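Asks: Once you've had a glance at the structure underneath, I'll fire off some questions.
What follows is calculated from the coordinates using simple rules that are stated; it is not laboratory data. All of these numbers come straight from a predicted model, not from anything done at the bench. Reconstructed Cβ throughout: ideal geometry from the backbone, glycine too, with neighbour counts over all protein chains shown.
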Amino acid sequence: MSSGLEILGLSQEESKFFESLYKELHQNPGLSHQESFAADIAEKLLVEYGYSVTSKIAGYGMVGVIKKGPGKTILLRADMDGLPVGELTGLPYASQQRQIDSDGIEKPVMHACGHDMHVGTCSHPALVSCAKILPDSMFARSGQAFEPNRYFVERDIGCAIPT
């Protein structure tokens, strides 16, 4: 039986990097429209992996495109925001962050619903790990992959993805 690393084509080193990225993202959540930490990391890594990135769309949203010739388009999308909830997990990488919400009230912030996994792995290191392996996988020998900002897509263009 194949391991997850073999299936994803990740080395032990890459796997450790994405685990570390997940923990860093988990410790540093941002409320909606304040998720600059996650956005900066995602943009840096997408550029490093060869994507053309347009950032700061409707706040911290971005679109990263990598073209592999003619063919179908694969869409990857990730939420980056945390929730105004205090973390009580006791994890060594638990969030201690506090931010001012849109009502001007300081609140604790944590990734309580998995957005830290979205940004970082195919398991939030999800976005960037998938973005790293997808262009050279058997699923994307041609075409393109890109990542839109969900809130921009839903609110401003009504879920129609521009081509």
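Asks: Relative contact order of region 16-78, please, whole-number percent, based on alpha carbon pairs below 8 angstrom and at least 6 residues apart.
Replies: On the way: 43 pairs, mean separation 12.9, N = 63.
Dividing the mean separation by the residue count of region 16-78 yields 20 percent.
Asks: Please turn the phi angles of region 80-87 into ³J(HN,Hα) values with the Karplus equation 6.51 cos²θ - 1.76 cosθ + 1.60 (θ = phi - 60°), one per residue in order, whole Hz, x for glycine and proline.
Replies: Going residue by residue, I get 10, 7, x, 10, x, 9, x, 8 Hz, with x marking Gly and Pro.
Asks: Note the full-extension length gain between CYS113 and THR89 as 0.36 nm times their separation in residues minus their Cα-Cα distance, in nm to one decimal. Could you put the intermediate results ahead of the total?
Replies: Numbers: separation 24, 0.36 × 24 = 8.64 nm, distance 1.32 nm.
Working it through step by step, the gained length comes to 7.3 nm.
Asks: Which length gain, in nm to one decimal place, applies between GLU106 and LYS44 when the Cα-Cα distance is subtracted from 0.36 nm times their residue separation? Write out the running numbers ahead of the final one.
Replies: On the way: separation 62, 0.36 × 62 = 22.32 nm, distance 2.89 nm.
The GLU106-LYS44 span can extend by a further 19.4 nm.
Asks: Here is a further query. With label points built 7 Å along Cα→Cβ from the Cα atoms of GLU13 and SER32, find their separation and express it in nm.
Replies: So the label points at GLU13 and SER32 sit 4.1 nm apart.
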